[in-house]
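Peer 1: Below is a structure I'd like to ask you about.
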Amino acid sequence: MTQHSRDTPQFYLTAPSPCPYLKGQEERKVFTHLVGARAGELNDLLTHGGFRRSQSIAYRPACETCRACVSVRVVVNDFAPSRNMRRNLELNDDIIGDMREPAPTSEQYSVFRAYLDARHRDGGMADMTVLDYAMMVEDSHVETRVVNYRKRDADSGFTHRGAGELMAVALTDVLSDGLSMVYSFFNPEEAHRSLGTFMILDHIARAKAMGLPYVYLGYWVQGSKKMDYKGRFLPQERLMPAGWARVDK
């Protein structure tokens, strides 16, 4: 591959396939490769334009008859958790996240496998092996981190890390203006904790501490039970045809 082709993105369009979010709809995606010295800069630019990253690919829906997928980002400095969110934080006060360089582990894969088997048995990731998982974590040409969420122990106040059971994991990109949550999963036996919500709240707190104005949540799909929850994190901005528009309620 020449240097020119590595630094100049080429875009491609997928063939139609059944939509995973809305019954009866078909989806198509436009995608490009995130490689080369400018991968991080390109990932920033494309994320601002509604793209998402999966390994070394950046993609965005390009459906012919549907515009239901809307990119959303939480406005960090103006965010105030709801009463239910505050309860979530109290319930999970015994869990602490540790952000570090992306490195896959067998412990992570065990939680990942249990999560897929319990929640996404028929999904596109259902057959992922431990090697596939390792590629998902490691195959990144941009600034990426893994946050491991563990139960606190007696030393957590000093180390700022948990040493107990691994409860959840988030794969996250660090952008120039925010944190982008690429993928997250949790122990399905702890479903009562609503760890998905907890991880988003934790990322909002992390972004604020890092001086970053946004947390990118990916696509909000009104009417989809899988994606509708993202609309609860307000205020947020949604990417509309005319640009990012703020939504307060």
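The values are calculated or read from the model by the stated rules, or taken from the named source; none is laboratory data. Keep in mind that this is a model prediction, so the values were computed, not measured. FYI the Cβ positions are ideal-geometry reconstructions off the backbone, even for glycines, and counts take in every protein chain you see. In case anyone asks, the SASA skips ligands and DNA or RNA and just uses the protein heavy atoms, side chains included. Shrake-Rupley method; radii C 1.70, N 1.55, O 1.52, S 1.80 Å.
Peer 1: Whole Å is fine, so just give me how far the alpha carbon centre of the range 193-249 lies from that of the range 40-82.
Peer 2: 10
Peer 1: Next up: Suppose a student asked you for the relative contact order of the range 33-92, using Cα pairs under 8 Å spaced at least 6 residues apart; what percent would you report? Intermediate results must be reported in sequence, preceding the final value.
Peer 2: Numbers: 25 pairs, mean separation 13.5, N = 60.
That works out to 23 percent.
Peer 1: Using a 10 angstrom cutoff on alpha carbons, build the Gaussian network for the chain and name the most mobile of Gly24, Gly97, Gly223.
Peer 2: Fluctuation is largest for Gly24.
Peer 1: Still on this structure, I have one more. Given springs between every Cα pair under 10 Å in a Gaussian network model of the chain, which of Val137, Val30, Val215 has the largest fluctuation?
Peer 2: Among Val137, Val30, Val215, the largest GNM mean-square fluctuation belongs to Val30.
Peer 1: Note the angle between two axes, namely the Cα long axis of helix 39-48 and the longest principal axis of the Cα atoms of the chain, as a number of degrees from 0 to 90, rounded to the nearest 10.
Peer 2: So the inclination is approximately 90 degrees.
Peer 1: Here's another thing I want to ask about it. Among the listed pairs Lys29/Lys249; Lys208/Lys230; Lys151/Lys230, which are separated by more than 22 Å between their Cα atoms?
Peer 2: Lys29/Lys249; Lys151/Lys230
Peer 1: With every protein chain left in place, what is the accessible area per residue of the range 107-249 in square angstrom, probe 1.4 Å?
Peer 2: Here the residues of the range 107-249 average 49 Å² of exposed surface.
Peer 1: May I pose another question? Would you work out the relative contact order for the range 2-104, in percent, from Cα pairs under 8 angstrom that are 6 or more residues apart?
Peer 2: Reported as a whole number, the value is 20 percent.
Peer 1: Continuing with this model, one more query. Which one is right for this structure if volume of the Cα convex hull per residue in Å³ is calculated from it: (1) 143; (2) 113; (3) 127?
Peer 2: Read-out taken from this structure: (1).
Peer 1: Given R₀ = 30 Å, what would the calculated FRET efficiency be for Phe11 paired with Tyr229, taking r from the Cβ atoms and rounding to 0.05?
Peer 2: Efficiency computed from Cβ-Cβ geometry: 0.50.
Peer 1: At 0.36 nm per residue, minus the direct Cα-Cα distance, what do Asp93 and Thr65 gain on full extension? Give it in nm, one decimal, please.
Peer 2: Separation in residues times 0.36 nm, less the Cα-Cα distance, equals 5.6 nm.
Peer 1: What is the local net charge at Val30, summed over the other residues whose Cβ is closer than 15 Å to its Cβ (Lys, Arg +1; Asp, Glu -1)?
Peer 2: With Lys, Arg at +1 and Asp, Glu at -1, the net is +3.
Peer 1: Take the solvent-accessible surface of the protein heavy atoms, probe 1.4 Å, and return the percent of it on the range 129-249 that carbon and sulfur atoms account for.
Peer 2: Of the solvent-accessible surface of the range 129-249, carbon and sulfur hold 53 percent.
Peer 1: Now for a separate question. For the chain, what is the charge dipole size about the Cα centre, in debye to the nearest 20, if Lys and Arg each add +1 at the Cβ and Asp and Glu each add -1 at the Cβ? Let's see the in-between values first.
Peer 2: Working: 32 positive and 31 negative charges, 170 e Å.
In debye, rounded to 20, the chain gives about 820.
Peer 1: Right, something else. Report the extension gain between Arg121 and Asn77 in nm, rounded to one decimal, defined as 0.36 nm multiplied by the number of residues separating them, less their alpha carbon distance.
Peer 2: Separation in residues times 0.36 nm, less the Cα-Cα distance, equals 12.1 nm.
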